[in-house]
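Here it is, the structure, as structure tokens.
Just so you know, all these numbers are worked out from the coordinates, no wet-lab data involved. Model, not experiment: these values are computed from the prediction. As a convention, Cβ positions derive from the backbone with ideal geometry for all residues, glycine included, and neighbour counts pool all protein chains shown.
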Amino acid sequence: MLIAIPELLSADEVARVRGIIDAVEWVDGNVTSGAQSALAKRNEQLPEGTPAHAEAGGIILDALGRSGLFVAAALPLKVFPPLFNRYAGGQAFGTHVDNAVRIQRGSDFRIRSDLSMTVFLEDDAAYDGGELVIEGNFGEQSVKLPAGHAVLYPSSSLHHVTPVTRGRRVASFFWIQSMVRDDGARRILFEMDQGVQGAAEALGQDHATVIALTGVYHNLLRRWADA
Ligand code: NI
């Protein structure tokens, strides 16, 4: 399941993040790669463990906590501290699957990557190329969103970033370990959550049917979640 999260960051938050990350030195993107993806990746990355990385990542983590759509879709247990990358001058990232387990540099924090997230941090009209292309059951989906918008997709999917042929693509990327490991179960819970919200709007929050369906949602979550 691929879910776009519009306006995860406000224009002001995008500007704050860019102000922080544009002011420091970047390094070769292969610092976080596994051996296979190192062959495919050509980009730059913000060094981890720096004050700029922590401050800019904190703005994104705060925004995730406020986003009801993110919480409903991801059912997050752990979120990897957001990383940042940028592509210019024909740089690209060839087809790969993200590593199953991510360990934070210099710490013992580790997560299983169930979901991958990209937060776009550059005006989409300011660069050519740089589409995130995700292969799914219904073929390829190409994603390129305005600054501040985000996309959530299964870490198990093959994906790539097309060459950036004009301007510069700047983004944050990271992984989420969900309370619900199975993508299909997580999708049912998300669709049910959206349905219950629609029913609550149509019938009222205290309608007996809405209360009953809310109970079913929580009982499915109790059955499937590891908290
Ligand atoms: Ni990837």
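Counting other C-beta atoms within 10 Å, which of TYR87, TYR217, TYR127 has the fewest, and how do the rest follow?
The fewest-first ordering by Cβ neighbours comes to TYR217, TYR127, TYR87.
In segment 39-191, how does Rg compare with the Kirkwood Rh, expressed as the Rg/Rh ratio over alpha carbon atoms?
Expressed as Rg/Rh, it is 0.94.
Which listed residue (GLN197, ILE111, ALA147) has the Cα farthest towards the positive end of the charge dipole for the chain, taking +1 on Lys and Arg C-beta and -1 on Asp and Glu C-beta about the Cα centre?
ILE111
Same structure again: Check which residues have an amide H placed less than 5 Å from VAL143's amide H, if you skip close sequence neighbours.
LEU132, VAL133, ILE134
Using only alpha carbon pairs under 8 Å that are at least six residues apart, calculate the relative contact order of the chain and give it in whole percent.
On the way: 436 pairs, mean separation 54.8, N = 227.
With pairs under 8 Å counted, the relative contact order is 24 percent.
What's the magnitude of the charge dipole for the chain around its Cα centre, counting Lys and Arg as +1 and Asp and Glu as -1 at the beta-carbon? Answer in Debye, nearest 20.
It comes to approximately 500 debye.
Order these by the 10 Å Cβ neighbour count, fewest first: TRP26, TRP175.
Ascending number of Cβ neighbours within 10 Å: TRP26, TRP175.
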